1. Taking the stated definitions as given, is residue 184 modelled with pLDDT under 85 and open to solvent by less than 60 Å² (accessible area, probe 1.4 Å)?
2. Scan the stretch 19-35 residue by residue and report those that are in contact with a Lys or Arg (Cβ under 8 Å, 6 or more places away or on another chain) and open to solvent by less than 90 Å² (accessible area, probe 1.4 Å).
3. Just the residues that are of a type in the set (Asp, Glu), at pLDDT 85 or above and open to solvent by 80 Å² or more (accessible area, probe 1.4 Å), please, taken from the stretch 194-237.
4. Restricting attention to the stretch 35-48, which residues are closer than 14 Å to residue 15 by Cβ, more than 28 Å from the chain's Cα centre (by Cα) and not aliphatic (A, V, I, L, M)?
5. Would you please list the contacts, defined by Cβ atoms under 9 Å and residues six or more apart or on different chains, that run from a residue in the stretch 51-66 that is in contact (Cβ under 8 Å) with a residue 40 or more places away in the chain and polar (S, T, N, Q) to a residue that is in a strand (DSSP E or B) and crowded, with 17+ Cβ neighbours inside 10 Å?
6. Which pairs have Cβ atoms under 8 Å, sit 6 or more apart or on different chains, and link a residue in the stretch 118-135 that is free of Cβ contacts under 8 Å to residues at least 40 places away in the same chain and among the hydrophobic types (A, V, I, L, M, F, W, C) to one that is open to solvent by less than 30 Å² (accessible area, probe 1.4 Å) and in a loop (DSSP other than H, G, I, E, B)?
7. Only one of 109, 95, 58, 43 is at pLDDT 85 or above, surrounded by 15 or more Cβ atoms within 10 Å (Cβ to Cβ) and closer than 17 Å to residue 208 by Cα. Can you tell me which?
8. Within the stretch 1-18, which residues are open to solvent by less than 40 Å² (accessible area, probe 1.4 Å) and out of contact with any strand residue (DSSP E or B) (no Cβ under 9 Å at 6 or more places or on another chain)?
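The values are calculated or read from the model by the stated rules, or taken from the named source; none is laboratory data. Keep in mind that what you see is a predicted model, and the values were worked out from it rather than measured. When we count neighbours, we look across all protein chains shown, and the Cβ atoms used for this are built from the backbone with ideal geometry, even at glycine. Areas reflect the complete protein model, heavy atoms only, side chains present, ligands, DNA and RNA absent. Shrake-Rupley method; radii C 1.70, N 1.55, O 1.52, S 1.80 Å.
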Amino acid sequence: MEERSLDKALDIYAALITGKEISRSNPDTRDMYEEFYTNSAVYDITTKLVKKLNLDIYEYNDAIYVTAGEGNRIFGYTNDDMKRQLGLRLNKELYMVYFIMYNILLSFYQDSASYQVKEYVKLEDILEQISTYLSAITSDLSIYSMDELEEDSFKTIALLWDELPVVTSDEKDKNRASRASRTGYVKLTFNFLMEQKLFVSVEDRYYPTDRFKAVVENYFEEYKGRIYKVLGGEVDA
């Protein structure tokens, strides 16, 4: 019995870390879902295993997901990993992407009392939101030069955003992701989020997946102010 439970727990773990959706509605993984919730030994082994490996397991809409815990260098991404994945060279470019991710998150979740207030978001919505957030900073940037600013500060991000055109002449549509424009940066970010199965795109609309909702609604309260600290801002900003 113990060997069977261990085998089932390992099957569930293997499916989760390879990005499979284990859910009641998925015929390929329904048995694993039922084992996880009806067999206490399988549940205990699985949760202990993921915890030991610094992973977090979440449930949403009759499905379970796993994500890397903070500082997990095996299953997560370091800053250098992210730069390689996104084709970025400089830290300030990476912090720009992080800031765009945070704004995308805030489009759906302002706080724990307003979960999922939108069904989808458009690229131009994020462009406008970021410009609004950074406008107060950019109004005071005339006294700064990029060399005088720390790479991880809001001022650096604001100055980089201010220097970029909304779109370049060779970006004739919104499908091009690059570091050459504001639109390119946002598209680059959305492409990464879609690769991680956090968003799907339909006719220029970006819809969050259940995986996104599972991660955000479990992480939000604990981590929502972390990016402000990383970027040199106030937690309660």
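1. Working: modelled with pLDDT under 85: no; open to solvent by less than 60 Å² (accessible area, probe 1.4 Å): yes.
Answer is no for this residue.
2. Across the stretch 19-35, the qualifying residues are 19, 21, 23, 29, 32, 33, 34, 35.
3. If the condition is that a residue be of a type in the set (Asp, Glu), at pLDDT 85 or above and open to solvent by 80 Å² or more (accessible area, probe 1.4 Å), then 195, 203, 204 are the ones that fit.
4. 35
5. Final answer for the pair search is 61/23.
6. none
7. Within the list 109, 95, 58, 43, the selection yields 58.
8. 5, 9 - these are the residues of the stretch 1-18 that are open to solvent by less than 40 Å² (accessible area, probe 1.4 Å) and out of contact with any strand residue (DSSP E or B) (no Cβ under 9 Å at 6 or more places or on another chain).
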